[in-house]
Amino acid sequence: MTNEEKVGPNSTDSSCALIPNSGGLSVEDIKSQILDFSNSLNSTYRLSLSKCHQPDKDDFIYLLLHLKKNINAILKELDEPKCRDPYEFCCGLCDETIFVSPDKDIWSTLQEHEHFEMMYYQFLNSSLEILALNTIPSSRNSLVHENSQAEDTVEEFVCTGESNTDSGIDQQEPEPSTSHSQENGNSNSKAESKDNAVNNFRFNFNGFYSELVQSKIYPLSMMNAVQKLDKAKYYTIMRIGPKKAVCLICHCNLVTTKVNKHSLTSHTAGQKHLRAARQDITVEFLRTFHEFWLKQEPPVQAHQIYFKFKKSLTEVKCELCNEHCLISEIIDHIKSDVHKINVLEPHVNTAYYLVSLQTQVYGLNEGEVEAITSQQSTPKKSIAKTRNSKTPNFKKNDSLLVHNIIKSVENSESDNDDLIKQLPHRMKKHASLLEISNIVKCGQCSIQIKYKVEDLRHHLGFFHDNMGYKYYCDLCECYENNERRWIKHNLKHSNHTNLPVHRKRTLGEYECITCKLVIYGDEISLMRHRTMKSKPFMKAKRRIKLPDDIKNLLKSKESVEEIAEILNIQAEFVVKDSQTEQCCAELESVLDEYFKDCEVYPFGSRISGLGNINSDLDIFVDIGGSFYGENNQDPGDQVTIIRKVQRVLQKHENYNSLIPIISARTPILKLYHAPSKLKYDLSFKHGLSVKNTEFIRLCVQLQPMCQKLILIIKKWAKSIGFDNISNYALSIMCIFYMQINEYLLSVKQIRELNNNKQAKSIAGWQCIDYVVTLDEMKTYVKTYDDSISELLINFFKYYTKFNFSQHVISPLLGNTIMRIWFSEGETYNLPPEMSPYLDQLNNDDKEVFRIDSHMCIQDPFDLSHNLTKAVKQDTVSRFQSFCKLSYTYFEELK
């Protein structure tokens, strides 16, 4: 009996069913052959292959790699979703039937039809009535359905997405004709179905992104790594260019040297992202975003890289055009002339993905796009004029850029009343956010800003830093990364005034629009920049040299001793200043009227002995018994409290410039206290920061030389500037250095001395109850008898050679911990003192210690907190380079 005879039409044995295009083989036959080949390959073939000559081995390697490729392709296909049924479409213009088999892409097959382009053109011009295609199910399905059956079939086809692979088309099953009767024969039913079953073919895609869109902006390898961390159902990060990505739930712009799996998972592992991924409103935004784009055809899908949701589920913003529109208006906006012109801008072709696919919406092919963009760019003749006449033969890749340089502020002598004219050219776009009347108010943040150009630039710098500008001072030969540091640099350095008179005439701030570079210099600086063949900040490394402030600080032992003593006296004066106590009492009195049993706790550098008269006053406000982290810990509760306190203090004349910072790890409310002229940072989460301050104050009292070291290191670091290394992190680094040399006790040793086995915990982290006197604890530390200059040299020497790539600084233990021990699957190596950290990993709101940073400093109590989690490799290299330079410079002077 043949295979055909074995399997009848009603057979239920699927293993014996014939597989199409397999030479008449059944499933069972193929299984048997694969198994026989696998067994032979593992035993007989394997032994023979290992003994053959090298030329034969090379041939076999090629054949086996080819086999491996085919096996991987089969495995990928078997792992894909269930294949859809075949479908037939009937063109509404020529009545030709288009058959789409299960293994073919519906979109690609329909494009081969002669009337498709005409119909698609009509679609782009919103003439949807011509886009009528008659849909007929495959002949192997029933052609006649009752109303309920037809609706069920459509619902499964549209909602489950089983009818498509990469680009299924959202279709609507036609309503059966009311004149149709079940008494009609099958011959009539097919004809009537064909005539009446009109499908409003909308070019909508359901359930999957097209293969090209998926591979470019949602590559599966990266998306799978992200989803393992944030557990989100929909893609949370969108890759919009080779160096750009956008987080769809944090609304962060991820600008890196290269968008790869590491850069995306580094952001995803952050607490801001993970908290946002758990919020219902964020999930709803994400779902709405993807559901809209999944229903569009590939050219329209490709435009999603320009759009972001803005505060509402119905409103989006096109970042490319800087325009807001409703979701229902997105297609109209994409087809608008403004958006089209922006998409065809030459810089968009290099900065964003899928531009060639996006332009298909306008009926343009890749060649036409290149022609348009080349016309918009500067002609080659103008490039030739800028070349050096002495070098006539230029290679194609050696041509110079055409640098479009303009003055940042056209009229710097403008009347102070016209603040907009005094803003740099690069900020004019963001100046529309400002509402200027008697006061200046930011429409984006709803906060008031001082009526000064410097304050406006500081504020707009937060938006501007996302534009990708760099800052270069040609006089000092140094780069800065953001607007705030750039302003500070221009105010601080004396090199800007030490110029000949003839150079000062053109000295000022300029912008190269081509390179997105802000330049401070004169005509000579601009001429030097114009002759560059590429963007200078892409290749040039920042020249590392000690600033004059550091040289003055380290010019002699006596200088170091004198400065350290002055800083120490100022810090202790601030600690004893009664103004802090008065400010806290006043704040508690004001808030107590609205919040019963409210208590305030000052902390930070003014309390620990590491501040000065200009230091901000940090205050923890205990509202509702939140000191120990038992109440009001939810991010939503924190935002509510901050808003309430803000409204209360706004009514009081002593408190001005209230700015809530609710996206921080610990949300705070910044404000200015007019009578004391102090800036406050109010936090409301829990009192762990108060305990941190107590610990640091204990360290500087146990070892007075530690206080001088921290103060002088803070001054040293401030003169250089290290991104994302806070003063608190520098203080812990100093304390840790003295711990490993036994000049200070570790947190573990202090707990043991105070018999703190059952010490109270704050937010799950064990703290210290100090029961032993300070004098008694001093007997357990070594006395430091040398000078502060010697201690400073040894500090620089130690951290110059410190292996930040492998070790974590842990003041809890007073020793280093291997970084790899914090990774998943390796935590069993952590010492017993880390048990609180391991316990909190089992909680729903767990926080993982970030080891993806290039510098790891663990908080003394909150063991999940890496104080330098945002530090990049460039900052670590600069820190160690300046440590080495300072050490060498100081040694040479001795």
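Read-outs: derived from the displayed coordinates by stated rules, not from any lab. The structure displayed is predicted, hence computed values, not measured ones. Every residue, glycine among them, receives a Cβ derived from its backbone with ideal geometry; neighbour counts consider all protein chains shown.
Taking the Cα centre of the range 211-374 as reference, the dipole from Cβ charges on Lys and Arg (+1) and Asp and Glu (-1) amounts to some 1000 debye.
Under 1.5 on a/c is rounded, so check that first for the range 677-788, then, if it is not, pick prolate when a/b is larger than b/c and oblate when it is not; a ≥ b ≥ c are the square roots of the alpha carbon gyration tensor eigenvalues. Working shown, then result.
Working: a/c = 2.08, a/b = 1.10, b/c = 1.88.
Verdict is oblate for the range 677-788.
Rounded to the nearest 20 debye, the dipole size of the range 713-858 about its Cα centre is 380 debye, using +1 on the Cβ of Lys and Arg and -1 on the Cβ of Asp and Glu.
DSSP beta bridges confined to the range 737-882 are antiparallel in about 90 percent of cases.
Report the FRET efficiency, 1/(1 + (r/R0)^6), for Gln279 and Glu315, where r is their Cβ-Cβ distance and R0 is 25 Å, rounded to 0.05. Write out the running numbers ahead of the final one.
Values: r = 19 Å, r/R0 = 0.75.
E between Gln279 and Glu315, to the nearest 0.05, is 0.85.
Put in line by how crowded their Cβ is, counting other Cβ atoms within 10 Å and starting with the fewest, Val781, Val402 read Val402, Val781.
Modelled label positions at Glu599 and Arg287, each set 7 Å beyond Cα in the direction of Cβ, lie 4.3 nm from each other. Projecting the Cα positions of His673, Ala585, Ser657 onto the charge dipole of the range 569-690 (unit charges on Cβ atoms of Lys, Arg, Asp and Glu, taken about the Cα centre) puts Ser657 furthest along the positive direction. Restricted to Cα atoms, the range 227-289 shows a radius of gyration and a Dmax of 11.0, 33 angstrom.
Using the Cα gyration tensor of the range 720-886, with a ≥ b ≥ c the square roots of its eigenvalues, what is the shape: rounded (a/c below 1.5), prolate (a/b larger than b/c) or oblate (neither)? Oblate is the answer for the range 720-886, as a/c is 1.5 or above yet b/c matches or exceeds a/b.
In the range 216-275, what trypsin sites (Lys or Arg not before Pro) fall in a loop by DSSP, with at most 12 other Cβ atoms inside 10 Å?
Details: sites: Lys216, Lys228, Lys231, Lys233, Arg239, Lys243, Lys244, Lys258, Lys261, Lys272, Arg275; in loops: Lys231, Lys233, Lys243, Lys258.
Listed in order of number, the matching sites are Lys231, Lys233, Lys258.
Residues Glu477, Glu88, Glu112 in ascending order of nearby Cβ atoms (within 10 Å, fewest first): Glu112, Glu477, Glu88.
Step through the table entries Lys244/Lys317; Lys244/Lys846; Lys233/Lys308, compare each Cα-Cα distance with 22 Å, and write down the pairs that go over it.
Lys244/Lys846
In this simple spin-label model, placing a label point 7 Å from the Cα along the Cα-to-Cβ direction at both Lys782 and Lys872 gives a separation of 3.9 nm. Hydrodynamic estimate: the Kirkwood radius of the range 832-894 over Cα pairs, inserted into Stokes-Einstein at 37 °C and 0.692 mPa s, corresponds to D of 234 µm²/s.
Given Lys488/Lys545; Lys679/Lys715; Lys516/Lys884; Lys421/Lys516; Lys708/Lys782; Lys670/Lys760, which pairs have Cα atoms separated by over 22 Å? Write down the numbers at each step before the final one.
Details: Lys488/Lys545 19 Å; Lys679/Lys715 20 Å; Lys516/Lys884 33 Å; Lys421/Lys516 20 Å; Lys708/Lys782 17 Å; Lys670/Lys760 29 Å.
Pairs exceeding 22 Å: Lys516/Lys884; Lys670/Lys760.
Look at the Cα gyration tensor of the range 635-740: its axes a ≥ b ≥ c give a/c of at least 1.5 with a/b over b/c, and that counts as prolate. Here the label points at Asn224 and Ala664, each 7 Å from Cα along the C-beta direction, are separated by 4.0 nm in the simple model.
Give me the percent relative contact order of the range 211-374, please, defined on Cα pairs under 8 angstrom at least 6 residues apart. Don't skip to the answer; put the middle values down first.
On the way: 210 pairs, mean separation 30.2, N = 164.
After rounding, I find 18 percent.
Estimated from the Cβ-Cβ distance and a Förster radius of 56 angstrom, the FRET efficiency linking Lys516 and Phe60 is about 0.55.
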